[in-house]
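Notes for the one structure printed next.
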Amino acid sequence: QVQLVESGGDLVQAGGSLRLSCVSSGSTSTISSHGWYRQAPGKQRELVARMTRGGSINYTDSVKGRFTISRDNAKTTVYLQMNSLEPGDTAVYYCNAVLGPRVYWGQGTQVTVSS
C-alpha cells in the first residue's frame, strides 16, 4: 500500500510558475514509477510526466521544455516544476505511483492559469 499527497496547486497568471509536490508513504521502496497526470473539466485524464525508479523520464509533448519532473534522494517525494504556464494547463493535477500491477493515486491539486 502507498499513500500519496499532492500539494502546490494555486491560481497563477499566464507565464507564471508553480511547483507541485507529491509525498509518498507506505511501501515506497517497491514503487517502480511515479507519474503526474492532469484532468481538465470535460476531458480525460492525461499523462503529463513520468519518472521510473531507474530515472527514465518522459513528458507529454505539450509540456516539453516547460515542465520538469524530479524527486528527492529518498525517492519518496516527486516534484513537478511548471514554468511558462498557459491557460491550457488549467486542470486538477494528480500524482500516481505504480507498484507491480497496482496503481495508486493522490487526491489531486487544482492548478488554475488565468489569461
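Observations, loosely collected:
- Condition broken by S114, with the remaining ones in (1) crowded, with 18+ Cβ neighbours inside 10 Å; (2) touching a Pro at 6+ places or on another chain (Cβ under 9 Å) satisfied: (1)
- Of the criteria (1) farther than 13 Å from L18 by Cβ; (2) in contact with a Lys or Arg (Cβ under 9 Å, 6 or more places away or on another chain); (3) among the aliphatic types (A, V, I, L, M), which one L80 fails: (1)
- Scanning the range 8-38 for residues that are over 17 Å from T68 (Cβ atoms) and open to solvent by 60 Å² or more (accessible area, probe 1.4 Å) gives D10, L11, Q13, V23, S29, T30.
- Residue within the range 34-55 that is of a type in the set (A, V, I, L, M, F, W, C) and outside any strand (DSSP E or B) present: yes
- Residues that are exposed (fewer than 15 other Cβ atoms within 10 Å of the Cβ) and touching a helix residue (DSSP H, G or I) at 6+ places or on another chain (Cβ under 9 Å) within the range 64-85 comprise just one, A74.
- Any chance Q44 is at pLDDT 95 or above and more than 12 Å from the chain's Cα centre (by Cα): yes
- Reported count of residues in the range 1-32, each being at pLDDT 95 or above and either in contact with a Lys or Arg (Cβ under 7 Å, 6 or more places away or on another chain) or outside any strand (DSSP E or B) (or both), is 7.
- When the range 86-96 is filtered for residues that are part of a helix (DSSP H, G or I) and open to solvent by less than 20 Å² (accessible area, probe 1.4 Å), only D89 remains.
- Residue match in the range 56-63 (condition: open to solvent by 40 Å² or more (accessible area, probe 1.4 Å) and within 18 Å of T112 (Cα to Cα)): yes
- Breaking point among (1) open to solvent by less than 50 Å² (accessible area, probe 1.4 Å); (2) within 10 Å of the chain's Cα centre (by Cα), for L99: (2)
- A Cβ distance below 7 Å, combined with a sequence gap of six or more or placement on separate chains, defines the contacts here; from the range 79-105, residues that are within 14 Å of E6 (Cβ to Cβ) reach residues that are at pLDDT below 95 and in a loop (DSSP other than H, G, I, E, B) in the pairs A97/I31.
The values are calculated or read from the model by the stated rules, or taken from the named source; none is laboratory data. All of these numbers come straight from a predicted model, not from anything done at the bench. Heads up, the Cβs are rebuilt from the backbone with ideal geometry, glycines too, and the neighbour counts pull from every protein chain shown. Side chains included, ligands, DNA and RNA excluded: accessible areas come from the protein's heavy atoms. Shrake-Rupley method; radii C 1.70, N 1.55, O 1.52, S 1.80 Å.
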